[in-house]
Amino acid sequence: MKRVKPEILAFILCSRFWTLATRLFGAQLSFSGSFGCYTFTMRQLIVNADDFGLTTGVNRAIAETHRDGVVSSATLMANGAAFDDAVTTARALPKLSVGCHVVLIDGSPIAPPANLDTLVAIRSAQPEKFYSSLSAFAARATLGGFDREQLVEEITAQIRKLQGAGLEVTHLDSHKHAHLFPEILSAMLRAARICGVRAIRSPFVPMKPIMAQNFAGKRVLMKRYGQVRILNMFAPAFRRQLERSGLRAPDGIIGVIETGALDAVLLRQALTNLPQGTWELVSHPGYADADLRAVHTRLLESRERERSLLTSPELKEFLSQQDIRVIGYRDFVNGKA
């Protein structure tokens with residue numbers, strides 16, 4: 001009798017397993033490609049609230065959307081006006097994964113400004129603050145205008161401030177997604193290794209399942225859709241740098257195109273089309289109170305809408321219907337996801 005090669009036998013066994021599994025479960029199975037065998041896959045979602053520490057109203061909304069809703073993680077601004085209140089809030093929510101929302105645009109540094117001459121707008125009316133213009137920041141980041149060591153010093157200082165307050169920093173992201181630029185990403189990855197942080201946001205939107213017609217009649221969203229497509233050109237370099245660093249990142253993000261306009265319809269579209277893997281929903285819940293209106297932000301009433309949306313029973317039910325499992329960054333980095 002002719003001997004069957006091991007790899008052929010493995011392929012036959014895997015194929016038969018696939019047939020049996022689909023009959024039994026109608027399961028969401030996908031081809032792994034690595035060893036020619038099929039494996040179970042699922043859709044997982046990290047729901048992250050940005051701008052923790054911006055105001056006490058934002059902190060309160062994040063706490064509510066975690067306790068009563070679907071928010072599983074939040075990223076804290078080390079230079080936020082309500083930092084101390086956010087730390088107290090986080091300590092009372094042990095299941096909330098807390099990361100650092102690295103601010104390099106439109107804010108004040110944590111490290112001594114004298115050490116950060118390439119990061120601060122020294123010729124502006126506020127010489128000890130970061131550049132407030134995203135376009136100016138993007139130009140400098142693209143052209144190599146920032147000193148790498150200064151970036152690492154400032155990012156490390158921001159992470160250390162959270163850790164010094166007794167918080168476990170589970171992940172990093174950045175204000176206005178600044179780390180999609182390779183120079184900023186490189187510094188953030190170095191700072192993460194220095195501080196022992198094991199995960200970072202992947203700031204890229206999955207374009208294939210997102211149809212332009214979802215935003216028909218909404219000029220601002222159509223414009224942002226086009227911008228996101230262009231910015232995705234940085235994704236291959238991001239993945240290469242991430243692989244070399246040893247850090248982990250979800251597959252990408254949703255909710256960015258819809259920022260400021262997110263509602264139940266748009267969120268359902270994004271979730272229905274969510275690919276297999278682990279993704280992150282970027283959210284900004286809050287209260288549009290006097291403190292928020294005194295802050296330089298375009299997101300005011302939209303934070304109220306997101307707070308209501310993220311605590312709605314309908315959203316929880318929809319996630320269940322879609323077989324989307326909500327996890328936190330702590331689960332993600334500890335391999336429990």
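Exactly one residue out of 292, 281 is within 18 Å of the chain's Cα centre (by Cα) and over 21 Å from residue 182 (Cα atoms): that is 281.
Being aliphatic (A, V, I, L, M) and either assigned to a loop (DSSP other than H, G, I, E, B) or over 19 Å from the mean Cα position of the chain (by Cα) (or both): is that true of residue 178 here?
Numbers: aliphatic (A, V, I, L, M): yes; either assigned to a loop (DSSP other than H, G, I, E, B) or over 19 Å from the mean Cα position of the chain (by Cα) (or both): no.
Spelling it out, it is not the case that residue 178 is aliphatic (A, V, I, L, M) and either assigned to a loop (DSSP other than H, G, I, E, B) or over 19 Å from the mean Cα position of the chain (by Cα) (or both).
Assess whether residue 306 counts as being in the same structural domain as residue 186 (by TED's automatic domain parsing), touching a Gly at 6+ places or on another chain (Cβ under 8 Å) and among the acidic types (Asp, Glu). Judged against the criteria, residue 306 is a match. The condition of being touching a residue at least 24 places away in the same chain (Cβ under 8 Å) and within 17 Å of residue 186 (Cα to Cα) holds for only one of 142, 170, that being 142.
Kindly evaluate residue 319 against the criterion of being without any contact (Cβ under 8 Å) to a residue 60 or more places away in the chain and part of a helix (DSSP H, G or I). Steps first, please.
Numbers: without any contact (Cβ under 8 Å) to a residue 60 or more places away in the chain: no; part of a helix (DSSP H, G or I): yes.
So residue 319 fails the test.
For region 80-97, name all the residues that are farther than 14 Å from residue 60 by Cα, surrounded by 19 or more Cβ atoms within 10 Å (Cβ to Cβ) and either free of Cβ contacts under 8 Å to residues at least 12 places away in the same chain or polar (S, T, N, Q) (or both). Selection gives 97 alone. Determine if region 297-306 includes at least one residue that is free of Cβ contacts under 8 Å to residues at least 40 places away in the same chain and closer than 26 Å to residue 138 by Cα. Yes, the conditions are met somewhere in region 297-306.
Looking only at region 268-284, which residues are under 20 Å from residue 106 (Cβ atoms) and in a loop (DSSP other than H, G, I, E, B)? Listed by number, the list holds a single entry, 284.
The residue of region 153-183 that is farthest from residue 250 (Cα to Cα), among those that are surrounded by 23 or more Cβ atoms within 10 Å (Cβ to Cβ) and acidic (Asp, Glu), is 154.
Just to be sure before I move on: is residue 303 within 27 Å of residue 95 (Cβ to Cβ) and at pLDDT below 95 in the structure I sent?
Details: within 27 Å of residue 95 (Cβ to Cβ): yes; at pLDDT below 95: yes.
So residue 303 passes the test.
Residue 287 fulfils the conditions (1) touching a helix residue (DSSP H, G or I) at 6+ places or on another chain (Cβ under 6 Å); (2) closer than 23 Å to residue 200 by Cβ except for a single criterion, (2). Is it true that some residue in region 52-74 is surrounded by fewer than 24 Cβ atoms within 10 Å (Cβ to Cβ) and at pLDDT below 95? No.
For region 224-278, name all the residues that are in contact (Cβ under 8 Å) with a residue 12 or more places away in the chain and among the β-branched types (Val, Ile, Thr). Across region 224-278, the qualifying residues are 228, 253, 254, 256, 257, 259, 272, 278.
Of everything in region 263-287, what is of a type in the set (Gly, Ala, Ser) and surrounded by 18 or more Cβ atoms within 10 Å (Cβ to Cβ)? Give them in sequence order. Don't jump to the end; show me each part of the working.
Step one: list which residues in region 263-287 are of a type in the set (Gly, Ala, Ser), which gives 264, 270, 277, 283, 286.
Scanning region 263-287 gives 270, 283, 286.
Tell me the residue from 325, 298, 305, 244 that is in a helix (DSSP H, G or I) and over 25 Å from residue 187 (Cβ atoms), please. Can you show your working first?
Working: 325 fails: in a helix (DSSP H, G or I); 298 fails: in a helix (DSSP H, G or I); 244 fails: over 25 Å from residue 187 (Cβ atoms).
Of the residues listed, the single one that is in a helix (DSSP H, G or I) and over 25 Å from residue 187 (Cβ atoms) is 305.
Please enumerate the residues belonging to region 204-228 that are under 18 Å from the mean Cα position of the chain (by Cα), in a helix (DSSP H, G or I) and closer than 18 Å to residue 269 by Cα. Selection gives 224, 225, 228.
Right, residue 186: loosely packed, with under 14 Cβ neighbours inside 10 Å and assigned to a helix (DSSP H, G or I) or not?
Working: loosely packed, with under 14 Cβ neighbours inside 10 Å: no; assigned to a helix (DSSP H, G or I): yes.
So residue 186 does not fit the description; no.
In the set (1) surrounded by 20 or more Cβ atoms within 10 Å (Cβ to Cβ); (2) in contact with a strand residue (DSSP E or B) (Cβ under 8 Å, 6 or more places away or on another chain); (3) not β-branched (Val, Ile, Thr), the condition left unmet by residue 292 is number (2).
The values are calculated or read from the model by the stated rules, or taken from the named source; none is laboratory data. The shown structure was predicted, so the numbers you read here are calculated from the model rather than taken from an experiment. Note that we place each Cβ from the backbone using ideal geometry, even for glycine, and neighbour counts take in every protein chain shown.
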